[in-house]
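Comments concern the structure below.
The values are calculated or read from the model by the stated rules, or taken from the named source; none is laboratory data. The structure displayed is predicted, hence computed values, not measured ones. Every residue, glycine among them, receives a Cβ derived from its backbone with ideal geometry; neighbour counts consider all protein chains shown. To get the accessible areas, we keep the full protein, side chains included, count just its heavy atoms, and leave off ligands, DNA and RNA. Shrake-Rupley method; radii C 1.70, N 1.55, O 1.52, S 1.80 Å.
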Amino acid sequence: MIDDRIDEIGENHIGTSANTPLRADAFDISDEEKIAKIEESVKDILETLGMDLTDDSLYGTPRRVAKAYVNELFMGLNPKNKPKASTFDNNYNYGEMLVEKNIVVYSTCEHHLLPIVGRAHVAYISNGKVIGLSKMNRLVEYYAKRPQVQERLTMQVVQAMQEALGTDDVACVIDAKHLCVNSRGIKDIESSTVTAEFGGKFKEKETKREFLDYIKLGTSFD
């Protein structure tokens, strides 16, 4: 019964929490210690699959995978890697929405550890503060670089922007392909998943419509 529930959640890509599920002791060991442990685990997986790790091409794979997991693909799990979301006074009194379109998203589905690849569109309306454009990209990257569910990623980006800017008027839409859908299971290579989170004024129909028009998604979320 438990196995059936696990399969149901994984195959339907259902998240169980709005927060990334992390244990309390997640950072009790160093990154280098994590790399060493993961290296041994990857080695065991490959050997179980029957791979010959004495081959020159495979010999360094466990170490490469471990370093990629800790330092790159899942670096967003570690709070020390969270970018500083520097804000500045809106001295030029810009009062319209600011939209950062087509932010590249590279993430990993937490159900099968396969890639999620797509684009994020983030917008906000200043409440006296503005944020550097590159910081918006870096916030998306930070939350994407962890085992993820797309709905959670969308919410986390909005919440981080709201906290940084001191306003609820933030929105995010993500359109992404999931390789756990495209390359296995149903093997639908054409489909993509669109998620959205609207805060503050972006919940209002007119503001939402304006944002969606900016990113060419029409009235999909009306």
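Some observations on this one:
- Whichever residue in segment 16-53 is of a type in the set (D, E, K, R) and over 20 Å from N78 (Cα atoms) and, among such residues, is surrounded by the most Cβ atoms within 10 Å (Cβ to Cβ): K43
- Selection count where residues are under 17 Å from F27 (Cα atoms) and either in a helix (DSSP H, G or I) or open to solvent by 70 Å² or more (accessible area, probe 1.4 Å) (or both), scope segment 54-75: 8
- Hits in segment 137-173 - residues which are assigned to a helix (DSSP H, G or I) and among the small types (G, A, S): A144, A160, A164
- Hey, C180 part of a strand (DSSP E or B), in contact with a helix residue (DSSP H, G or I) (Cβ under 9 Å, 6 or more places away or on another chain) and in contact (Cβ under 8 Å) with a residue 24 or more places away in the chain or not: no
- Filter result for S191 (open to solvent by less than 50 Å² (accessible area, probe 1.4 Å), part of a strand (DSSP E or B) and either within 19 Å of S17 (Cα to Cα) or of a type outside the set (D, E, K, R) (or both)): no
- For K135, the stated conditions do not hold, so it cannot be described as open to solvent by 60 Å² or more (accessible area, probe 1.4 Å), in contact (Cβ under 8 Å) with a residue 40 or more places away in the chain and not hydrophobic (A, V, I, L, M, F, W, C).
- Residue within segment 47-65 that is of a type in the set (V, I, T) and free of Cβ contacts under 8 Å to residues at least 12 places away in the same chain present: yes
- Long-range neighbours under 8 Å by Cβ, at least six apart or interchain, first residue among the aromatic types (F, W, Y) within segment 95-124, second part of a strand (DSSP E or B): Y106/P115; Y106/I116; Y106/V117; Y124/M97; Y124/L98; Y124/I131; Y124/V170; Y124/A171
- Residue count for segment 155-184, restricted to those that are open to solvent by 50 Å² or more (accessible area, probe 1.4 Å) and more than 12 Å from the chain's Cα centre (by Cα): 8
- Test: R152 is surrounded by fewer than 19 Cβ atoms within 10 Å (Cβ to Cβ) and at pLDDT 95 or above: no
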